[in-house]
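The values are calculated or read from the model by the stated rules, or taken from the named source; none is laboratory data. Computed from a prediction, not measured in an experiment: that's the story for all the values here. Cβ coordinates were reconstructed from backbone atoms using ideal geometry, including for glycine residues, and neighbour counts include every protein chain displayed. The area values use the complete protein model at the heavy-atom level, side chains included, leaving out ligands, DNA and RNA. Shrake-Rupley method; radii C 1.70, N 1.55, O 1.52, S 1.80 Å.
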Amino acid sequence: MRLHAVDETAARLGLARGMMLTDAKARLPGLLHAPADMEGDRTALQGLAEWCLRYSPFVAADGEDGLLIDATGCAHLFGGEEAMLARMESQFAKLGLKAYLGMAQTVGAASALARFGPPRAIAPQGGVSEALSALPMAALRLEPQVLLLLQRLGLTKIGQLYAMPRLALARRFRSRVAEEAVLFRLDQALGRQPESLNPLHPAPSFRAHAGYSEPVQDLSFLPEVLRRLSADLKSMLVREGQGGTRWTFRALRVDGQVAALSLRTAQPVREEAHLARLFKERFEQMDLGLGAEYFILSADEAVPFTQSQGSWAESEEGGSASGQDEALAGLIDRLSVRLGAEALRLQGPCDSHVPERAVHSRPALEGAAMKEAAWSSSPSLPSAPLRSPPPRPLRPLRLLTKPEPIEVMAEVPDGPPMHFRWRHVPHQVTRAEGPERIAPEWWRLQDGIFEEVRDYFRIEDVRGRRYWVFRAGLYQDRAQARAQDRTFPGGAPSWFLHGFFA
Amino acid sequence: MSGETRGTSRSALMARLRQSIAEIEQSAPVLEEAPAALPREEAADPARLILRPGLHELTASYEDMSAARGFALAMLAARQRQRQRRGQAVFLWAMRLEDRREFGAPYGPGLLDAGVSPERLLTLYARSSLDVLWALEEGLKAGALAGALGEAGDVGLTESRRLSLLAAEHRMPCWLIRPLERKEASAALTRLRIRPAPSGRQVHDPAAPGAARWQVELEKAKAGPMPFRVTMEWDHETHCFHMVAPLADRALPAAPKTESPPAGEAAILPLARTG
């Protein structure tokens, strides 16, 4: 077993990463040690990266122990680069973390300065090569065997590489891979090769943030925070003619953790009042711990904002229709946010004659797509002669997700049941209509899904309760199937209850 | 100086509070106000009573729940017709997940048959009765619906009172389907007990079930008629209720024996009496 990490005291006493545990214990008998939790470290680093969103929207984890922050255009918010680094150091210190900071024009140089440079090193504009020259080769993010090779060649400082002609450098290395690695990393650090960070979150379209000098611990203060942020965001959205459809509200806690709420809306939104209503339901889910001092509201997805997105209800007056639509969209958002997008649904027709596949139900939040697939026969006022029979037999008002088996007594072949028992209760059938034969779809049969032919009956019992029942399979089919395949359960077809009429 | 300003601001605050109390007190009787005595014809027709703005309850025994739901849907269809011209015909139907497990989900083609457009029916599957009630309240407040229908188990007096006030305030009907076993007091305007009834005659096939019928018992109606019981029929084609026969020994208002009314004009009329 080897040491994975050591603290400052241990380092002072001569321990280092990579040392054998037994050696270390021999040197320091009183050494305290614990197994490394790589997974835990990674999660904590991710959490810390979220927390660093306060400095810039572009944050990424760098290896196992670093964070990369793209501070382009952010430093002035903190009063300059030095002030920004000083602020970061003190804020990390409050979390109980010692942060080694470095800032430069390139990812490679910043990483080198942070890990091997002086405290809070900043490479001045155009002075990257100078700033790096005194740093050890390890700062170039090279593999251990490449480092070893460089050491053998007597190259220990980055600056030694500058003076050397590139061709000469290439000749010195035996291995082409090592040569390429060194030159590539050097070029990256000096900005001759582009390198970009891979941010934790894609850039939000719009973002507003606010810091508080006192940590906010009371959930009841959140609406005020949100109001302030959404007012900022609204002015940006209005300027660009946009509205947000995906929103995230983050609270950066004083303990380095982040509490976040995300939600979607049916229509683009930018009104403070609307956002306040949507988030209000969810604030109680936020865990502020010992308090949060920094808040970010972002519109992660924005689309052009239009006053009304098509009409739900065709209004003859027209005037109030868009107001109605907005109110309806607001209602859908509110219900979906509080009870879950899956809870509120709309139905659309499907092109299938098998009853359970003739409809599909989708979250109402996706309602816009729904409107295209309209129901073929509109139940608008029937003005034609009313006495013609409906084109197909009636369908039930409620359909069971899974047909329930019923026990049928007094069966007439190919006829409706006379008596049946459903959920232990016997029913005597007085009237029946049917059968309506619904055959399985042949293309499903081809896919190896076996379904039986169903004969549906609309029946009514003595009390006037109306049900939709079906018989699965035909008598002769079953006999044939049994003759061909002995394992097929022969005998009388089974009956199922599938739906309820008014 | 500071004492003085504090004094004035306090008196201003008191004045504001007094005013808002006065407003509340003033508006409360308006909300509580009993509807004016209904015309005789309307009072005898449950279908008209339950389309009034306010909270209405439908109760049924467990086995008859499907009938109550069917009746509620027919009612939605009637309401949809009533409101269609004003461009407001979206409904909310809130139920618990367990209701869906037990009795299935509302089925689009069937709704269409009953005269309710599925694309205008938002269906909500909530985890608890509490969520159902919350959703109904939000639905009433939003002012975007033509009506809200809920199925809930536990509804206390407070909850029904809240719904009732909201429905009255927003001039919208709200219907609650409740199991019969729950006998809590309620602030509903109307309470109907629904039982299924053998269906009407079908012209094409006498052995087949005909138009849906229910036995509707008016158990309670604020400022309405005394309790009575009628059999009502739903006409699938014209999408309106007919009253079949007076079962209670109560004289119905004389209804002219006309053929079906011109569609879209008079939405609901007591029609053919076959008693």
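About the Cα centre of segment A:138-231, what is the dipole size in debye to 20, counting +1 per Lys and Arg Cβ and -1 per Asp and Glu Cβ, all else neutral? Don't jump to the answer; show the numbers that get you there.
Numbers: 13 positive and 8 negative charges, 145 e Å.
Rounded to the nearest 20 debye, it is 700 debye.
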Q.
Need one number: nm distance between label points at residue B:127 and residue A:170, each 7 Å from Cα along Cα→Cβ, rounded to one decimal.
A. 6.5
Q | Cut-off under 5 Å, modelled amide H: who pairs with residue A:291 long-range | A | A:254
Q) Residues with amide H under 5 Å of residue A:103's amide H, sequence separation 5 or more or different chain, H placed in the peptide plane at 1.01 Å from N; which? A) A:121, A:122, A:123
Q. With each pseudo-label sitting 7 Å past Cα toward Cβ, what's the residue A:240-residue B:222 distance in nm, one decimal?
A. 5.0
Q) In Å², nearest 100, what accessible area do chains A and B bury in total when the solvent probe is 1.4 Å? A) 5900
Q) Hey, got the average number of other protein chain Cβ atoms within 10 angstrom for residues in A:329-336? A) 5
**Q.** Length released on extending from residue A:42 to residue A:353, taking residue separation times 0.36 nm less the Cα-Cα span
**A.** 106.7 nm
Q) How much area per residue is accessible in segment A:37-190 when the probe is 1.4 Å and only protein heavy atoms are counted (Å²)? A) 53
Q. Assigning unit charges at the beta carbon (Lys, Arg +1; Asp, Glu -1) and nothing else, what dipole magnitude in debye, to the nearest 20, does segment B:36-246 show about its Cα centre?
A. 560
Q) So what are the ³J(HN,Hα) numbers for segment B:206-218, from phi and the Karplus equation (6.51, -1.76, 1.60; θ = phi - 60°), rounded to whole Hz, Gly and Pro as x? A) x, 7, 8, x, x, 5, 5, 10, 9, 9, 10, 10, 7
Q) Radius of gyration and Dmax for segment A:82-197's Cα atoms, expressed in Å? A) 15.4, 50
Q | Exposed-site-free run, longest, chain A (rule: trypsin sites (Lys or Arg not before Pro); DSSP loop; at most 13 other C-beta within 10 Å) | A | A:193-386
(Q) At 7 Å along Cα-to-Cβ for each site, give me the label-to-label distance between residue A:220 and residue B:97 in nm. (A) 3.3
Q: Could you run the Karplus curve 6.51 cos²θ - 1.76 cosθ + 1.60 with θ = phi - 60° over segment A:276-285 and give me ³J(HN,Hα) per residue in whole Hz, x for Gly and Pro?
A: 4, 5, 5, 6, 3, 5, 9, 4, 5, 7
Q | Unit charges on C-beta of K, R, D, E only; dipole of segment A:206-307, Debye | A | 360
Q: Scan around residue B:244 for amide H atoms under 5 Å from its own, H built in the peptide plane at 1.01 Å from N, and keep only partners 5 or more places away or cross-chain.
A: B:231, B:232, B:233
Q) Tell me, what % of the accessible area of chain A is carbon and sulfur with a 1.4 angstrom probe? A) 54
Q: Give a residue-ordered list of calculated ³J(HN,Hα) values for segment B:44-58 (Karplus: 6.51 cos²θ - 1.76 cosθ + 1.60, θ = phi - 60°; whole Hz; x for Gly, Pro).
A: 8, 10, x, 5, 7, 4, 8, 9, 5, x, x, 9, 10, 10, 10
Q. If r is the Cβ-Cβ distance from residue B:170 to residue A:192 and R0 is 56 Å, what FRET efficiency results, to the nearest 0.05?
A. 0.25
Q) What base-10 log of the normalised intensity I(q)/I(0) is obtained for chain A from the Debye formula, alpha carbons as equal point scatterers, at q = 0.05, 0.11, 0.12 Å⁻¹? A) -0.42, -1.02, -1.12
